[in-house]
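**Q** Could you have a look at this structure, given as structure tokens, before my questions?
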Amino acid sequence: MGKLLAIAGRELRAYFASPLAYVIAALFMLVSGYLFSLILFATRQADMRPLFQNLAVVFLLITPALTMRLIADERSRSTFEMLMTRPITDVQIVVGKYLGALGYLVFLMALTLVFPVTFLLVKANPDWYPMLSGYLGTFFLGASFMAIGVLASSLTANVAVAAIATFAISLVIWLLPSASSIVGQQASGVLEYLSVISHQDSLSRGIIDTSDLLFYVTFIGTCLYMTVRSINVSRWR
């Protein structure tokens, strides 16, 4: 556990050692703040569900930039081979790097807490339960995109390719329900379930269903398992 946390801490520190982390955070708050203002003045309601739906799009766009360097950059600089010679397992490497990326995601989510505080300052009376479940759904959605990013980063030594692959895979999984019109009714239900966005939408409406949480945990676990297998294969090349 200590080695895993050490890797996670190293990755998290690497984010804040780069100007990119602060640029992304600033742009993230600029966009989310603008969207929050538009929604607040348009609806005149203390409801963050529209914002959560828009944050899903924002995470889709910024996740490739946040995850592209995790493994691909180390491969390009030949430092990943040195990391694999240390007395740590592939699982510790993958989970540690993923937790480091997840720490930055938590940081971004924490910045948005200014919006619920705004409701309090203007003496609005929001429904807190859907807001909390919406935060939960948005976090799991971002965590799923992060898991895709870690997997994509493990498949190449080119950070640009890793970023493009992360965006492409995430977008395809997002748009799976749109293919329901060309498949049968039973298959459309499967596609709906496999789409990461459909589960986030349920949570943003205040419906905490264990099947949605189980989907996200399984999806993230599958991506990380595939990443471990990718690294394990590279050991024998």
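The values are calculated or read from the model by the stated rules, or taken from the named source; none is laboratory data. Bear in mind the structure is a predicted one, so any value in this text is a computation, not a measurement. Cβ sites come from the backbone with ideal geometry, for glycine too, and all protein chains shown count toward neighbours.
**Q** Please state which one of 94, 159 is closer than 18 Å to residue 218 by Cβ and not charged (D, E, K, R). Spell out how you get there, then give the answer.
**A** Working: 159 fails: closer than 18 Å to residue 218 by Cβ.
Step by step, each of 94, 159 is checked, and only 94 is closer than 18 Å to residue 218 by Cβ and not charged (D, E, K, R).
**Q** Taking the conditions exactly as written (of a type in the set (Gly, Ala, Ser), in a helix (DSSP H, G or I) and either free of Cβ contacts under 8 Å to residues at least 24 places away in the same chain or farther than 20 Å from residue 215 by Cα (or both)), does residue 103 satisfy them or not?
**A** The answer is yes for residue 103.
Conditions tested, residue by residue: (1) surrounded by 19 or more Cβ atoms within 10 Å (Cβ to Cβ); (2) modelled with pLDDT of 90 or more; (3) touching a Gly at 6+ places or on another chain (Cβ under 6 Å).
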residue	(1), (2), (3)
147	yes, yes, no
158	no, no, no
164	no, yes, no
169	no, yes, no
184	no, no, no
188	no, no, no
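**Q** Next question, about the same structure. So, in segment 205-237, how many residues would count as being at pLDDT 80 or above, under 23 Å from residue 56 (Cα atoms) and more than 14 Å from the chain's Cα centre (by Cα)?
**A** 8
**Q** Do you know which residues across segment 216-227 are buried (at least 20 other Cβ atoms within 10 Å of the Cβ) and more than 17 Å from residue 165 (Cα to Cα)?
**A** Selection gives 216 alone.
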